[in-house]
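Visitor: Submitted below is the structure of interest, expressed as structure tokens.
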Amino acid sequence: GYTFSGWNTNSSGTGTDYAEGATYTANTAVTLYAKWTPLQCGEYDVTFTYNGSSVTYGTVLNPTTSECWLDRNLGATQVAISSTDANAYGHLFQWGRLDDGHQIRTSATTATLADTDTPTHGNFITNSSSPRDWRSDNNNNRWNANPIVNNPCPSGWRIPTEAEWDAERLSWSSNNSAGAFASPLKLTLAGSRNNGNGSLDYVGSFGYYWASSVGGTNSRGLYFGSSNAIMYSFSRAGGFTVRCLKD
């Protein structure tokens with residue numbers, strides 16, 4: 001006879017399931033079905049349309065928080081090799097805006113505020129007057145809405161909440177930029193874009209990452225530098241980094 005060993009078929013197709021270690025005669029008809037095991041976070045890539053083009057990013061798991069993230073910032077061309085790797089900085093989003101081109105670091109600016117969630121242009125909208133929002137009505141319901149409005153992440157992914165970012169921060173080996181880069185996410189000192197004039201600020205010195213959570217007329221985000229890392233409230237017209245989290 002023949003001994004089947006390797007796995008229990010437990011298939012959904014036709015035929016008989018055969019148990020591991022069982023012995024069958026030569027004329028027994030055996031149908032085998034491969035067992036499918038889903039790929040785990042870190043074992044697969046995600047291909048999606050971003051800023052009008054197809055891109056492919058990897059995935060990365062933080063084993064402490066059990067959260068799955070894209071392996072780079074939106075707009076980055078590679079996974080960071082240092083905290084000041086310019087190719088890993090990525091783009092700088094205004095809170096609650098889609099990837100309409102405004103997030104590119106060299107995009108044009110305009111001081112005309114938007115009155116809808118989807119401006120008809122890709123300019124960075126400046127505003128130095130309180131509440132310093134790119135929308136004229138300071139509408140709260142954007143990245144924090146259900147369903148999410150203007151989600152720039154792939155389908156099944158989203159901007160993390162303040163609590164989710166804070167859990168990542170607390171898992172670092174040190175509460176500063178060194179810990180941010182040493183983490184599985186390899187977070188960078190990508191700087192920010194000024195809400196008042198659209199200039200690039202603190203590139204290579206500080207990291208600013210948007211959360212989906214709001215804080216009054218502002219929105220929450222993760223900030224870190226060489227000496228500390230905190231969650232803070234920021235003006236929605238400011239340009240910050242985005243990292244996507246799996247639902």
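Visitor: What whole-number value in Å² describes the accessible area per residue of segment 34-87 for a 1.4 Å probe?
Guide: Using a 1.4 Å probe on heavy atoms only, each residue of segment 34-87 averages 57 Å².
Visitor: Return a whole-number percent for the relative contact order of the chain, with Cα pairs under 8 Å and 6 or more residues apart as the contact set. Display every interim value, and only then the final one.
Guide: Values: 562 pairs, mean separation 46.8, N = 247.
So the answer I get is 19 percent.
Visitor: Counting only protein heavy atoms and a 1.4 Å probe, tell me what percentage of the chain's accessible area is made up of carbon and sulfur.
Guide: Values: 5540 of 11530 Å².
Taking all protein chains in place, the chain shows 48 percent carbon and sulfur surface.
Visitor: Bin width 5 Å, alpha-carbon pairs only: give the P(r) of the chain as whole percents, running from 0 to the bin holding the largest distance.
Guide: 1, 6, 13, 16, 16, 13, 8, 5, 3, 4, 4, 4, 3, 2, 1, 0, 0
Visitor: Separate question: Using the Cα centre as the reference, give the magnitude of the dipole from point charges on the C-beta atoms of the chain (Lys, Arg: +1; Asp, Glu: -1; all else neutral), rounded to the nearest 20 debye.
Guide: 440
Visitor: Next question. Just how far, in whole angstrom, is segment 192-234 from segment 39-64 if you go by their alpha carbon centroids?
Guide: Going from one Cα centre to the other spans 24 Å.
Visitor: Using a 10 Å Cβ count of at most 13 others and DSSP loop calls, identify the longest part of the chain lacking such chymotrypsin sites (Phe, Trp or Tyr not before Pro).
Guide: 45-247
Visitor: To continue, here is another question. Given +1 on the Cβ of Lys and Arg, -1 on the Cβ of Asp and Glu, and no further charges, what dipole in debye does segment 104-230 carry about its Cα centre, rounded to the nearest 20?
Guide: Its charge dipole is roughly 220 debye.
Visitor: For a bin width of 10 Å, list the pair-distance distribution of segment 68-146 built from all Cα-Cα distances, rounded to whole %.
Guide: Histogramming segment 68-146 at 10 Å steps yields 17, 42, 29, 12, 0 percent.
Visitor: Stick to Cα atoms and the Kirkwood definition of Rh, then tell me Rg/Rh for segment 140-203. Each step should come with its number before you reach the end.
Guide: Details: Rg = 14.6 Å, Rh = 14.1 Å.
Here the Rg-to-Rh quotient is 1.03.
The values are calculated or read from the model by the stated rules, or taken from the named source; none is laboratory data. Since the model is a prediction, treat every value here as computed from it, not as a measurement. FYI the Cβ positions are ideal-geometry reconstructions off the backbone, even for glycines, and counts take in every protein chain you see. For accessibility, only protein heavy atoms count, side chains too; no ligands or nucleic acids. Shrake-Rupley method; radii C 1.70, N 1.55, O 1.52, S 1.80 Å.
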